[in-house]
Amino acid sequence: MGMLIVANWKMHPRTEREAVALARASDAAGVVICPPFPFIQAVGTSLRKAALGAQDAAPGTIGPRTGEVSIGELKALGVRYVILGHSERRAEGERDAQIAEKVRSACAEGLTPILCVGEPASVRAKGLAAARDYVKRQLSGDLKLVGSPKSKAVRFFIAYEPVWAISTSGGRRDPSTGQRANETPADAARMATLIRSLATSRRLPVRVLYGGSVNAGNIAPFLARPEFSGVLVGGASIRARDFKQVLRSARQ
Ligand code: PGA
């Protein structure tokens, strides 16, 4: 299996027309496009090579949950992947217990979860050991309800996204230089190893992605690390030109 490049469009673009144009420009094998809910159907019908993903989903199929979109409904629209536990959803108050339900439901319905974990700046400021403990706690909460899969095929992705490295976050200052700090591929890879071993100890085979300000200029050293099976891209996925460059750099 090649590298997976997940495009998380968040609340972009403005119109269905723009969404379809961006989808066509981004349509490539190994890509998962995660549009906002209102554009899922139109984007889904315009993709030929890329897979369709969602940015979140409520567990189950139908039920009394005003304003939610269920995993079953998304599946019926051709969605194959679902981002769960993104830090922006956690910032809205989503808890590990809710994420665990969603993860369980996605697995039960046959959608591939892309579970996001990662420490905030305040935790990373205390050092890598503190960040590891934080991610360990997130994973033990979020994976609590998944059993080991019957098939050997890996249908579970975990994206390590240090919250402070996300392009729209406030970032983190390097204490020695005072400059905005970026995650290094080496530190991220160490976290990926921890994530994989924690999942494996639950008999859950996973592939690990990296996310956080990934763009055409910095993607190569992350993809060069054997610990990573791909990346999750936010800001650099919402303009066709930027995303094409990301794909070009990923192929090199
Ligand atoms: P970014 O977003 O690439 O803009 O940092 C990644 C994400 O939030 O998933």
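The values are calculated or read from the model by the stated rules, or taken from the named source; none is laboratory data. The structure displayed is predicted, hence computed values, not measured ones. Neighbour counts run over all protein chains shown; Cβ positions are idealised from the backbone, glycine included. Calculation scope for accessible area: heavy atoms of the full protein, side chains included, ligands and nucleic acids excluded. Shrake-Rupley method; radii C 1.70, N 1.55, O 1.52, S 1.80 Å.
Would the stretch 1-63 count as rounded, prolate or oblate if I go by the C-alpha gyration tensor, calling it rounded below 1.5 in a/c and otherwise prolate when a/b exceeds b/c, oblate otherwise? It would help to have the intermediate numbers written out before the result.
Working: a/c = 1.84, a/b = 1.17, b/c = 1.58.
In terms of gyration-tensor shape, oblate.
Compute the separation of the alpha-carbon centres of the stretch 1-34 and the stretch 86-107 and state it in Å as a whole number.
The stretch 1-34 and the stretch 86-107 have Cα centres separated by 22 Å.
With an 8 Å Cα cut-off and a minimum separation of 6 or more residues, compute the relative contact order for the chain in percent.
Values: 478 pairs, mean separation 46.0, N = 252.
Taking the mean separation of contacting Cα pairs over the length of the chain, I get 18 percent.
Once you've got the Cα coordinates, tell me which of LYS10/LYS152; LYS10/LYS126; LYS102/LYS150; LYS75/LYS136; LYS10/LYS150 are over 24 Å apart.
As for pairs spanning more than 24 Å Cα to Cα, those are LYS10/LYS152; LYS10/LYS126; LYS75/LYS136; LYS10/LYS150.
How much of the accessible area of the stretch 104-151, probe 1.4 Å, is carbon plus sulfur, in whole percent? Don't skip to the end; give the middle numbers.
Working: 1140 of 2230 Å².
The value for the stretch 104-151 is 51 percent carbon and sulfur by accessible area.
Which one of ALA108, TRP9, GLY178 is farthest out on the positive end of the charge dipole of the chain, using unit charges on Cβ (Lys, Arg +1; Asp, Glu -1) and the Cα centre as origin?
Towards the positive end, the residue furthest out is ALA108.
Please list the non-local residues whose amide H lies under 5 Å from the amide H of ALA159, H modeled 1.01 Å from N, same-chain partners needing a gap of 5 or more.
LEU115, CYS116, VAL117, LEU209
Ignoring ligands, DNA and RNA, please state the percent of accessible area on the stretch 1-84 from carbon and sulfur, probe 1.4 Å. Display every interim value, and only then the final one.
Values: 2220 of 4220 Å².
Heavy-atom surface of the stretch 1-84 belonging to carbon and sulfur, 1.4 Å probe: 52 percent.
Measuring with a 1.4 Å probe in the full set of protein chains, what accessible area per residue, in whole Å², belongs to the stretch 1-156? The partial results should precede the final answer.
On the way: 7840 Å² over 156 residues.
Ligands and nucleic acids excluded, the result is 50 Å² per residue.
Taking the alpha-carbon set of the chain, what are its Rg and Dmax in Å?
Rg, Dmax (Cα atoms, Å): 17.2, 52.
Shape verdict for the stretch 92-228, please, from the Cα gyration tensor: rounded (a/c under 1.5), prolate (a/b greater than b/c) or oblate.
Verdict is prolate for the stretch 92-228.
Could you look at the stretch 157-244 and say what percent of its accessible area is carbon and sulfur, using a 1.4 Å probe and all protein chains? Walk me through the numbers on the way to the answer.
Working: 1960 of 3840 Å².
Answer for the stretch 157-244: carbon and sulfur cover 51 percent of the accessible area.
Please give the charge dipole size of the chain, origin at the Cα centre, charges +1 on K and R Cβ atoms and -1 on D and E Cβ atoms. Round to the nearest 20 debye.
On the way: 37 positive and 21 negative charges, 120 e Å.
Its charge dipole is roughly 580 debye.
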